[in-house]
1. So who's got an amide H within less than 5 Å of the one on B:M338, skipping anything under 5 residues away but keeping other chains? H placed 1.01 Å off N, in plane.
2. Over the whole of B:311-324, what's the average partner chain Cβ count within 10 Å per residue? Rounded to a whole number, please.
3. Enter the mean number of other protein chain beta carbons within 10 Å of the beta carbon of each residue in B:154-162, as an integer.
4. Give me the one-decimal Kirkwood hydrodynamic radius in Å for the protein assembly as shown, with the sum taken over alpha-carbon pairs.
5. Per residue, what accessible area does chain B have, given a 1.4 Å probe and all protein chains present, in Å²?
6. For segment B:63-275, calculate the relative contact order in percent as a whole number, restricting contacts to Cα pairs under 8 Å that are 6 or more residues apart.
7. What relative contact order, as a whole-number percentage, does segment A:1-140 give when Cα pairs under 8 Å and 6 or more residues apart are counted?
8. Tell me, what HN-Hα J-couplings in whole Hz come from the Karplus equation 6.51 cos²θ - 1.76 cosθ + 1.60 at θ = phi - 60° for each residue of segment B:130-137, using x for Gly and Pro?
Amino acid sequence: MIYILQQSLNALQLGSIYALIALGYTMVYGILTMINFAHGDLFMVGAFFGFMAALAFKLPFIPTLLISMIGVGLLGVAIERVAYKPLRQAPRVSAIITALGVGIFLENLTLVFYPYPQSVPQLLQNITWTIGGVTVSSLQIIIILMSLGLMVLLDFIVRRTMVGMAMRAVSWDKTIVPLMGVPVNLVISITFAIGTSLGGAAGVMYSQAFPVIDPYMGIMIGWKAFISAVVGGIGNIRGAMIGGFILGGVEIMVAAFLPSTYRDFVAFTLLLVLLIFRPYGILGQPRPQKV
Amino acid sequence: MTTQPSNDSSKSKLSWSARFAQSPLLLRIAQAWEALLARRWLLPVLLVIGLALSFLIPQFRLVNEYVQLIMMYVGINIIMTISLNLINGYMGEFSVGHAGFMAVGAYIGALLTTQVLPYAWLEGPLVMIVFPLIVLAGGAGAALVGLLVAVPSFRTRGDYLAIVTLAFNMIVKSVIENIEAIGGPRGIPGIDKLTTMPWVFFWTVLAVWVIRNFIYSNFGRGVLSLREDEIASDLMSVNTRQVKLLAFVLSSFFAGIGGALFAHLLQFISPRVFDIIKSTDFLIMVYLGGIGSIGGSVLGATIYTVLLEVLRPLQVWRFVLMPLLLVFLMLYRPRGIMGLREFRWFVPNSELLVGKKKEVGNAAAD
């Protein structure tokens, strides 16, 4: 029982990181119906921005997190402006392939500067408590609480503010909404800024939890976060959060009770089974098709 | 190119590329090229020359071993690209797990060679019969697995099918890693080098030929109609399930063949070789060459493979440069090099007569 509780805590930690990255995928998809495959690599860049800020300025956790979020957010907006915006009218796959290209570019550019895996300095004083046999570290608590906080903030922005309303409007219809005076390009940029900065935040948190980072770390985690977004129903913000926690939970539980090499196998098989029974994800709605 | 500084715009309104295209020399080259492409007899001639070269090059070492190896990789990559193009280009789905099928073919082939078949069979003239059977077995195994992936495609489309194929790729890798009998994460070393240049040439031509004929067959029309509109083609009594099944099986069959050839060329395979990065490579080749185009697949695979090798002196920077080239290609030519067009060689005779009026089978599709 204690073991299960302990693993649930780990699952929450991993799940909140997946959920944060999945939010970036789902926000961009919601507004542009485009899969931003560079997002996993923006997560990696976030981890490296945090690493650089921590090394160069010796900053504590929160400023490092903010620097990384701002840096990745700006990078995300720049990528959207340069690489994706000219392709809005092009076939959908062109944008997807461009995103793949941007991702590989980011990976290898980082590789040029950091050819070897780097170990990240500990930014938070890690205190561990033992509550009824379960070991709780302050790092875990902070990661979980901060991600939840960011998710609540995002949910608030999307549902309660003018910017959020504009985002939902643009994702609803891109031809009529500009006529109502909504600055579509600005809204898309804001969406990219928010989505990618969440990925950057996830990068910093991940590098605190698992303190060795390398330029290719974003690939696998990015794909997994993408899967989380799809499990929840891509384009649906609450779905992405749920999907992240489900995938994190499944992975940790498989690793806890089976040989850890089965982790990917069981996680992806579950995903396939889920998609066969709910082809549009947990919260996704099938879009009505017009003939 | 359109956003260059305007200090010399007074000299000429034309952009640099437009002026370049108007130069008489280039125009004449383009015309000659066009005329060359129109010659129907050129393809068989080229095939015969190619076959002869594939025997002569290793025999007399016309080029060094390294270049020979690259040429064989180009052939294998053409097989992989063209089979992926069937799903992604012609059927309009987005399959991102092509390396998974390749892994199945490679492992079946490698296991047959290293563990199942007696060594005597792989020596002497007998290998001429055994090796194609090994490759075919790899293809058949991959085709069976392709059948499994085709089933979810009946219910899901687009991004969700992409996830299914992605998950499939990772499952294949994970399963191989967990079976100790086939080497687990360490892979299979010491596979006999049975892949030779004539074989690569043969299988590449076979793959191109079969897939071309499939595209212009009745089923191929069904595949194209699925890309344009699934519901409409269903209403026009296209058996969508059968068509999807066939396309997936054919595509994975050739991916398996490519895998078996690859295993017997590299002589060492491990699950890490067939991860999602490998699949991404094939995706890039397909979209670089252009979707829905056999000529595009051949060009895309060739250019990508050769360019990566040519840029080798740049070391790490070539992996920075390549994706940038891809991004710029997509920005200026979103449909890839050939993008839904076709060399006339690859179009059957009967199609060309119809094609005079309208490009059949290459209608605009997004």
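The values are calculated or read from the model by the stated rules, or taken from the named source; none is laboratory data. Being a predicted model, the structure only gives us computed values, none of them experimental. No Cβ is skipped: glycine too gets one built from the backbone with ideal geometry, and neighbour counts run over all protein chains shown. Just the protein is used for accessible areas: all its heavy atoms, side chains included, with ligands, DNA and RNA removed. Shrake-Rupley method; radii C 1.70, N 1.55, O 1.52, S 1.80 Å.
1. B:G290
2. Values: counts 0, 0, 0, 0, 1, 6, 4, 1, 7, 9, 2, 4, 12, 6.
Mean partner-chain Cβ count within 10 Å for B:311-324: 4.
3. Counting other chains' Cβ atoms within 10 Å and averaging over B:154-162 gives 5.
4. On the way: mean 1/r = 0.0378 Å⁻¹.
That comes to 26.5 Å for the protein assembly as shown.
5. 48
6. Result for segment B:63-275 is 44 percent.
7. Values: 110 pairs, mean separation 42.3, N = 140.
Over segment A:1-140, the number comes to 30 percent.
8. Calculated HN-Hα couplings, in order: 6, 4, x, 5, 4, 5, 4, 4 Hz.
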